[in-house]
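Q: Sharing a structure here in structure tokens format.
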Amino acid sequence: YEDHNVPALLGGTVKDIGYQVSPDGSGYGHFLVIESIDPTNGEVFDQLIAHLAEKPKQNIGQKIVQGEIIGKQGGTGSVQSFDGTIASYDFLKAAPRGSGSMTPYANYDPLRRLLASQLNPN
């Protein structure tokens with residue numbers, strides 16, 4: 001997005017908020033995890049939104065609606081882009097808050113295709 005606003009791709013509940021950078025500079029920087037329900041199959045998964053410009057202002061347990069602005073894309077964590085900012089979305093297997101689990105969500109591809117078709121209906 002040209003305005004650098006980062007929306008939630010799906011609604012849900014804020015599960016985790018944090019900052020993650022390794023000593024070598026790699027990592028997600030400021031991030032937020034939303035526990036969401038996959039509309040393609042009803043399964044619960046975690047939507048990780050990372051590289052935000054600053055710590056998200058949401059609170060743990062807060063309800064988020066689809067399209068709600070989470071923050072601005074930023075340069076936190078490991079970022080390589082034209083203007084030094086980026087945001088990333090990862091779909092992960094649901095895990096307990098604070099676990100740091102990065103297990104990919106098994107139904108990623110059908111979910112990705114659905115969301116892409118909603119963002120670009122052409």
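The values are calculated or read from the model by the stated rules, or taken from the named source; none is laboratory data. All figures in this text were calculated on a predicted structure; none of them were measured in a lab. All Cβ positions, glycine included, derive from the backbone under ideal geometry; neighbour counts span all protein chains shown. Keep in mind that these areas ignore ligands, DNA and RNA; they rest on the heavy atoms of the full protein, side chains included. Shrake-Rupley method; radii C 1.70, N 1.55, O 1.52, S 1.80 Å.
Q: Determine, for each peptide in 19-26, 106-113, 44-51, the mean count of other beta carbons within 10 angstrom over its residues, then list the peptides with the highest first. Don't skip to the answer; put the middle values down first.
A: On the way: 19-26: 10.5, 106-113: 14.5, 44-51: 21.8.
Order by mean packing, descending: 44-51, 106-113, 19-26.
Q: What three numbers, in Å, describe the spread of the alpha carbons of the chain along their principal axes, ordered from the longest?
A: Extents along the principal axes: 38, 36, 24 Å.
Q: Which whole-number percent is the relative contact order of the chain (Cα, under 8 Å, 6+ apart)?
A: Values: 269 pairs, mean separation 33.3, N = 122.
So the answer I get is 27 percent.
Q: So how do K55, K72, K15 rank on accessible area, 1.4 Å probe, biggest first, that is with the largest at the start? The partial results should precede the final answer.
A: Working: K55 135, K72 95, K15 30 Å².
Reading off the accessible areas and sorting them downward yields K55, K72, K15.
Q: For a quick check of understanding: with a 1.4 angstrom probe and all protein chains in place, what accessible area in square angstrom does I37 have, to the nearest ten?
A: Accessible area, nearest 10 Å²: 110 Å².
Q: May I ask you to list the residues of segment 21-44 whose amide nitrogen lies under 18 Å from a point 7 Å from Cα along the Cα→beta-carbon direction of M102?
A: Residues 21-34 fall inside that zone.
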